[in-house]
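Quick notes on the structure that follows.
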């Protein structure tokens with residue numbers, strides 16, 4: 001599965017020149033979100049020393065192509081997750097739940113078995 005994540009990461013990284021619109025910081029932003037997993041625009045802006053509006057444009061572009069997914073339902077202080085990892089975590093959770101159902105009927109809904 002790690003190899004698959006690496007392949008997806010390289011595939012997304014190869015899309016950056018197409019969506020950069022001349023933004024020279026796009027590679028740094030991509031590396032930051034890929035390594036941080038859950039981010040917000042202010043956090044990226046502060047950590048990388050970039051303008052809030054510039055980061056907002058890149059985050060929007062990343063969201064449009066599927067690199068990032070919004071993980072909150074807010075309009076302000078939105079949080080975004082790095083899509084390949086979110087998909088992996090979702091798959092892992094589904095596998096864990098189906099395995100628990102097979103092992104102990106009814107346990108997938110039992111809070112004592114949750115992390």
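The values are calculated or read from the model by the stated rules, or taken from the named source; none is laboratory data. None of these values were measured; they are calculated from a predicted model. Don't worry about glycine lacking a Cβ; one is built from the backbone with ideal geometry, like all the others, and counts go over all protein chains shown.
Could you please find all residues in segment 23-77 being in a loop (DSSP other than H, G, I, E, B), free of Cβ contacts under 8 Å to residues at least 12 places away in the same chain and surrounded by fewer than 12 Cβ atoms within 10 Å (Cβ to Cβ)? Please lay out each step first, then the result.
Residues of segment 23-77 in a loop (DSSP other than H, G, I, E, B): 23-25, 37, 40, 49-51, 66-67, 71-77.
Now restrict to residues that are free of Cβ contacts under 8 Å to residues at least 12 places away in the same chain: 24, 49, 51, 72-76.
Scanning segment 23-77 gives 24, 49, 51, 73, 74, 75, 76.
If only residues of segment 82-99 that are in contact with a helix residue (DSSP H, G or I) (Cβ under 9 Å, 6 or more places away or on another chain) and within 23 Å of residue 19 (Cβ to Cβ) are counted, the one that is modelled with the lowest pLDDT is 88. Checking the stated criteria, residue 29 turns out not to satisfy the condition of being more than 13 Å from the chain's Cα centre (by Cα) and at pLDDT 90 or above.
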